[in-house]
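I have placed the structure first, in the form of structure tokens, so that the comments after it can refer back to it.
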Amino acid sequence: MNKDFTNKFCLTVIIMKAHVDKDTCIGCGLCPSVAPEVFQMDDDGKAEEIVESVPESSSDAAKEAADSCPVNAITVE
Ligand code: SF4
């Protein structure tokens, strides 16, 4: 495989990470219902991310959860 192709291919691979700011989360439970593969509720009633990297198949759901969070506690990047 030629090096130029490899470099171009690598630039298209994006790893999405999700993070919940627990100090901001009000525990509404929305994000685990929208993206159960990415978020869950912890014992304190706050959301937490359950994966280090968001699977490609869950990226749209993770973004939707972040957009829908009523207190903007979720960061996806
Ligand atoms: S949607 Fe936001 S406020 Fe609701 S549980 Fe998830 S992080 Fe917390």
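Only the coordinates and a few stated rules stand behind these numbers; no lab work does. Please read these numbers as outputs of a predicted model, since none were measured by experiment. With ideal geometry, Cβ positions are generated from the backbone for all residues, glycine too; neighbour counts draw on all protein chains shown.
The table that follows gives values for the structure above.
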| item | result |
| --- | --- |
| Where labels lie 7 Å past Cα in the beta-carbon direction, separation of Ile15 and Lys46 in nm | 2.5 nm |
| Lys pairs under 30 Å by Cα in the range 3-76, provided they are eight or more residues apart or on distinct chains | 8 |
| Three-way shape call for the range 3-76 based on the alpha-carbon gyration tensor, with the a/c threshold at 1.5 | prolate |
